[in-house]
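Scroll down for the structure; my scribbles are underneath it.
The values are calculated or read from the model by the stated rules, or taken from the named source; none is laboratory data. Nothing here was measured: the structure is a model prediction, and the numbers come from that model. Cβ sites come from the backbone with ideal geometry, for glycine too, and all protein chains shown count toward neighbours. Note: accessible area is taken over every heavy atom of the protein model, side chains too, but ligands, DNA and RNA are not part of it. Shrake-Rupley method; radii C 1.70, N 1.55, O 1.52, S 1.80 Å.
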Amino acid sequence: MMLLYRASDQIAGLLVGDPATPFTSRSRSRTVETGCPADGACRMAERCFPWKLESLAATLFAPGEEPSDDACTAEISPCGLFPPRMCPPAGPRRLTMEGMSNSQANQAQSLVERAMRAMARHKAGDLSGAEEDYRAVVGQVQHIGLYAGFGALLLQTRRRDEAVRWLRRTLALDPARDAAIENLGVLLHERGDRGAAEMWLRRQLALSPNSPSAIANLGIVLTATGRLSEAIASLSAACRKQPDNPDHRYNLAVAMDKADDRSGGLKVYRQALCLEPGHARALSNAALSANLMSLGGEALDLYRHLADVDPRSASVRYELGNLRLLAGDWEKAWEDCEARAHIPGLSPPIKWATRIKRWDGSPMPDGVLALTGEQGIGDVLTFCRFLPLAAARARQVVLQVHAPLVPLLRGQIANMTVQPFGDVIHADAALPLLSLPKVLGVTPLTLPRQPYLSAPPDRIEYWRAKLSGGEQRSFGLAWAGNPDYLHDRLRSPRLGPVRRLLDTPGWRPVLLQVGAGRKDLDQVSLPPHVLDLGEQMRDFADTAAIIASLDLVITSETSLAHLAGAMGKKTCMMGWLQADWRWMPGPEGELLWYPATRMFRQSAFHQWAEVVDRIQQVLTDFSQETWNTVP
């Protein structure tokens, strides 16, 4: 979320006067001119804290008690708050330096000018120059405005530990300095101390109850702590107080997203973009929300706009590629998807592949081609359909993939060796597996759609014997994918909503769930005829052999769905709201990538009952003839 720190409020506060009138100071019979270095700096100073030039001189040459380090780092009690300090009306004033020598007056004058220049530079955005000036004066001048301004600059430049010191020092001198309180709350939030951040922000609101930034920052902290209804109320109030502030609306939309109000959040993102069309974070989140809600056209437009705003972003280009695949623009899409190489976590895991010539799809009748799997197991299974095309252009193919896939993929293609990730390959050319369709020029019309994976015969024989017995049909069931996936909470129905499928007459359920999703079994009771094989499968060769022995597979978006589809097994896919190119419809309504799979997509997030109802009807009416008519 976008935290709002108050820079301009804090960097003001040194001098009070009329912008059109130079400040003057008298030392004995001499007048010292202190003209304004920037009109904006003086206007800013008019709104803030007055001080006398004598106080600067006194701090320089007759220093008072400087707050100790302990005082600067001690917590200030939120009780007994001071009322906000009011500024007297601004106007011309003549500030004296009685009892100062000429050299002292000159030094004081120099500090005044440099302090004013620090504020002017800070306001103008010259943070490097402002920091240089701040550091030249803060050690010699005990002044609240300077401390607060320097703390704000350090917060802006993400030097949080040093910022804490100067903001606490500010508050040790003036516990009611509301902007410093607010900035300290922001800083503590960024350091992960949510409780202390909330305490300081509430203290700031006690001093300035109508401060839009403090109200918004409290809402951000409440969002981070999961108190979403309070957060939405606070951020809505900030929007009402500053209706033209796009950041408030952006933060409100984030809170609504976290509260699972994606539709409402998208509307608020749109409002933020009306106020600031180039708001990169709002564009990114709005595009993501539109994509999750299957508003593919809007998501594509938003990512195109975001690509114009941030043309060097690999993530934006990659997401644009995914949406172009869904839209059928595959030539541009495959090119955009190459940006994944620059995204941490998505780039191919094999470093040696970058030291071998990249394969461009040209025939290599005497050469060895190295291919590397990448991303999730489901992605590897999807793109294995291109392996026969690649193998036909090389003498030998060496494929490295996740270890659980090796027993399944060995023997699928005669001139292909399959290894787990890690071994160095000596090859003439190399390519990440997900780049094959680009170099092969694959389009929706040339996409290989026939079944392309099969289980090892010995595994089929073993599992068919274990599954034999009875005349009932059998279906395999899985209900949860990889929990590390960002949106797994949205895409995985879990066992509870699908439990009633296990009671369908005439069917024997076979549980194929592995991993964290098996914890759901502790929460429900299973009918006695259910066969649970989830803990008996050693690898994907076992899983494929079991699938080959079933009549039907029912699964959410998991690697099991990709495997069943690759084998051509009849599959009921429990689809969440997001449309994805992997599950896009084909020319006759079936899935383009997996023609034997039928999609049962929810109409709203977390609405699985309607999906289960439709699948249960399929089980009740199941036959080859009825299956062919399933939409």
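The distance from the alpha carbon centre of the stretch 416-436 to that of the stretch 173-191 is 54 Å, rounded to a whole number. Of SER101, SER603, the order by accessible heavy-atom surface (1.4 Å probe, DNA, RNA and ligands excluded), from most exposed downward, is SER603, SER101.
Note on the stretch 457-621: with neighbouring protein chains present and a 1.4 Å probe, carbon and sulfur make up 48 percent of its accessible heavy-atom surface.
Dipole magnitude for the stretch 488-553: computed about the Cα centre from +1 point charges on Lys and Arg Cβ and -1 point charges on Asp and Glu Cβ, it is near 280 debye. Between rounded, prolate and oblate, where does the stretch 280-430 land on the alpha carbon gyration tensor, with a ≥ b ≥ c its root eigenvalues, rounded for a/c under 1.5, else prolate if a/b exceeds b/c? Here the stretch 280-430 falls in the prolate category.
Basic side chains Lys and Arg get +1 at the Cβ, acidic Asp and Glu get -1 at the Cβ, and with that the dipole of the stretch 457-621 about its Cα centre reaches some 100 debye. Remark: accessible surface ordering of ARG410, ARG340, ARG121, ARG355 (largest first) is ARG355, ARG410, ARG121, ARG340, probe radius 1.4 Å. In the stretch 457-621, taking the dipole from charged Cβ atoms about the Cα centre, the farthest positive-side position among ALA465, THR555, MET584 is held by THR555.
Take the stretch 402-535 with all the other protein chains still there, run a 1.4 Å probe, and you get 50 Å² of accessible area per residue.
This model, with +1 at the C-beta of Lys and Arg and -1 at the C-beta of Asp and Glu, gives the stretch 152-220 a dipole about its Cα centre of some 160 debye. Among PHE622, PHE475, the order of accessible area from largest down is PHE622, PHE475, computed with a 1.4 Å probe on protein heavy atoms. For the stretch 457-596, the alpha carbon convex hull comes to 121 Å³ per residue, rounded to a whole number. By the rule of a C-alpha distance below 20 Å, with chain neighbours fewer than 8 residues away ignored, the aspartates and glutamates paired with LYS466 are ASP458, ASP532, GLU535, ASP539, ASP542, ASP551.
Under 17 Å of direct C-alpha separation, and excluding same-chain neighbours fewer than eight residues apart, LYS332 reaches these lysines: LYS438.
Taking the protein heavy atoms of the stretch 251-324 in the context of the full set of protein chains, the accessible area attributed to carbon and sulfur is 49 percent at 1.4 Å. Checking the cross-link pairs LYS519/LYS569; LYS241/LYS267; LYS258/LYS519 against a 21 Å limit on the alpha carbon distance flags LYS519/LYS569; LYS258/LYS519 as lying beyond it. Please report how far the C-alpha centroid of the stretch 145-161 lies from that of the stretch 367-406, rounded to the nearest whole angstrom. First find each Cα centre; the distance between them is then 53 Å.
Counting heavy atoms of the protein chains alone, ASP539 has an accessible area of about 30 Å² for a 1.4 Å probe.
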